[in-house]
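Below is one structure, written out as structure tokens; comments come after it.
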Amino acid sequence: MSAPPNDVIARAKALLTPALVFHTGIVAVCASGIYVDADDGRQYMDFSSGLATTNIGHCHPEVIKAARSQMERLIHSGCIFYYQSEADLAERLRRITPASIEMFFFSNSGAEAVEGAIKLARFATGRQGIIAFTGGFHGRTLGAVSLTSSNARYRNRYHPLLPSVWHAPYPYCYRCPMGKTRATCSTDCFEYLKRTLRHQISAQEVACMVFEPVLGEGGYVVPPADYAAKLRELCTKEGILLVADEVQTGIGRTGKWFACEHWGLSPDIITIAKGIASGFPLSAIGASRDIMTKWSPGAHGTTFGGNPVACAAASATIDAIEKESILENAVEVGRYAMTRLSELQAGCPAIGDVRGLGMMIGMEFVKPDKSPDREYLEKVTKRCLDKGLIIVECGIDKNIARFMPPLITTAEQMKAALDIFEEAVVG
Ligand SMILES: Cc1ncc(COP(=O)(O)O)c(C=O)c1O
């Protein structure tokens, strides 16, 4: 029997693959800024930002204006002709990305950017090997998922994956992969990586290391301050290209344009997506001129990548971040959230760890023996949703709450959200 015409969830479930997992049962009708309006008349604060994408809020007026104006003139090129909005965006990205990044290739999704980065690294170096980090998430296409290891279920039944991919431990200090504590840490995880380059694949065979400067889906983990510098030094010494996967951390999420800046890291290649165009599908691979010009004409390509409308939306997003001092807001309001969440943690043993940078904040829920407490977080998430606050989880045990609100969230709005969250945690 067919569902009544207005029952969106039933209609979607009838025809959309069950592989798609929706985080809530909300049917969104419209959204503006940090708010989403549902078809039942309820309004929610979207602290998921549509998975770290609506960094300047839903339907920002300047993004709509730019997209509409572009749409009325040119929607598609397919690399048949050049167009202004793509060149405009490349110039802006050249300005806001780390100085080592000089040229760009535009595509549509984060996974597509990671695929392109792998291809570029192999092409430019003539080497095959790829090092990724356990817990990392780089997308779900076959090449990207070969690097993804935030959960084996993303890889199950797809083997064999891309060959010559090795995983080194991500420096996750709260649950040290080497069994150390902060006091006894001697960055054994980095030594493990160096041993991999002796036992499994010689450094001279490795094209690239693909690293999230703050671990996203794997658990919102901030690495120790000196880890990225060690990686940089090793890669430079061995001629390995260092790829910063900034798909989630980029475009202001951590309070800087790119999380690399926190570590003074100059990547050889960068991948950008999510927040770049405020929800229009767009991603970018950036690289130095030296590396990017190793790609010969036709070595990579796209029909839809760098869509004119998405590029116009992306330039408007970058301009709005600058004009409205949105990075500064992310730092200030993010700091306020960290302070309040740390205070909450002090009185609540179920919160084992609070960590983050800017508006990328994770809270790890644990049982008294420090084992992950997924059920606790499930209760918290549900209570938040009942009170009109959307938060989502991350980490292999789904026990880490991630706060990734729009970067435009005001102190007042953050206070309202934290009041709901605190009540949900202690209630
Ligand atoms: C760091 C990182 N890389 C790549 C991806 C894949 O992006 P997409 O879902 O747009 O393919 C994600 C998505 O969450 C991500 O967080």
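Taking the DSSP beta bridges with both ends in the chain, the antiparallel portion is around 65 percent.
Take the Kirkwood radius over Cα pairs of the range 224-268, plug it into Stokes-Einstein at 10 °C and 1.306 mPa s, and you get 146 µm²/s for translational diffusion. Taking the fewest neighbouring Cβ atoms within 10 Å as the starting point, the ordered list for 76, 199, 300 is 199, 76, 300. Using Cα centres only, tell me the gap between the range 377-427 and the range 69-124 in whole Å. Comparing the Cα centres of the range 377-427 and the range 69-124, I get a distance of 34 Å. State the number of lysine pairs found in the range 63-323 whose Cα atoms come within less than 22 Å, restricting to pairs 8 or more positions apart or on distinct chains. Final tally of qualifying lysine pairs is 14. Normalised by the number of residues in the range 63-323, the average gap of Cα pairs under 8 Å and 6 or more apart makes the relative contact order 32 percent. When restricted to Cα atoms, the chain yields an Rg and a Dmax of 21.4, 65 Å, respectively.
Taking the Cα centre of the range 213-291 as origin and assigning +1 to Lys and Arg Cβ atoms and -1 to Asp and Glu Cβ atoms, the resulting dipole is close to 160 debye. Along the axis of the charge dipole computed for the chain (Cβ charges of +1 for Lys and Arg, -1 for Asp and Glu, origin at the Cα centre), the listed residues 43, 260, 117 are led at the positive end by 117. In the chain, the calculated helix contribution to ellipticity at 222 nm averages -11000 deg cm²/dmol per residue, counting -39,500 (n - 2.57) for every DSSP H run with n ≥ 4. With the highest mean first, a sort of the peptides 80-87, 310-317, 283-290 on other beta-carbon atoms found within 10 angstrom per residue produces 310-317, 283-290, 80-87.
Taking a quarter of the surface of the Cα convex hull of the range 283-427 gives a mean projected area of 12.3 nm². Have a look at 399, 388, 341 and report the one farthest towards the positive end of the charge dipole of the range 328-423, computed about the Cα centre with Cβ charges (Lys/Arg +1, Asp/Glu -1). The one lying farthest along the dipole's positive direction is 399. Within the listed set 23, 60, 138, the residue fluctuating most in the Gaussian network model of the chain (springs between alpha-carbon atoms under 10 angstrom) is 23. For the range 86-134, the equivalent ellipsoid derived from the Cα gyration tensor has semi-axes of 23, 13, 11 Å, listed largest first.
Please label the shape of the range 180-219 as rounded, prolate or oblate, based on the square roots a ≥ b ≥ c of the eigenvalues of the alpha-carbon gyration tensor (a/c under 1.5 means rounded; beyond that, a/b larger than b/c means prolate, else oblate). Here the range 180-219 falls in the oblate category. In this Cβ point-charge picture (+1 for Lys and Arg, -1 for Asp and Glu), the chain has a dipole of about 1020 debye about its Cα centre. Given Cα pairs under 8 Å that are at least 6 residues apart, what percent is the relative contact order of the range 271-408? Answer for the range 271-408 is 17 percent.
Computed from the coordinates by the stated procedures, all read-outs in this text should not be read as laboratory data. Here the structure is a predicted model, which is why all the values come from computation and not from measurement. Cβ sites come from the backbone with ideal geometry, for glycine too, and all protein chains shown count toward neighbours.
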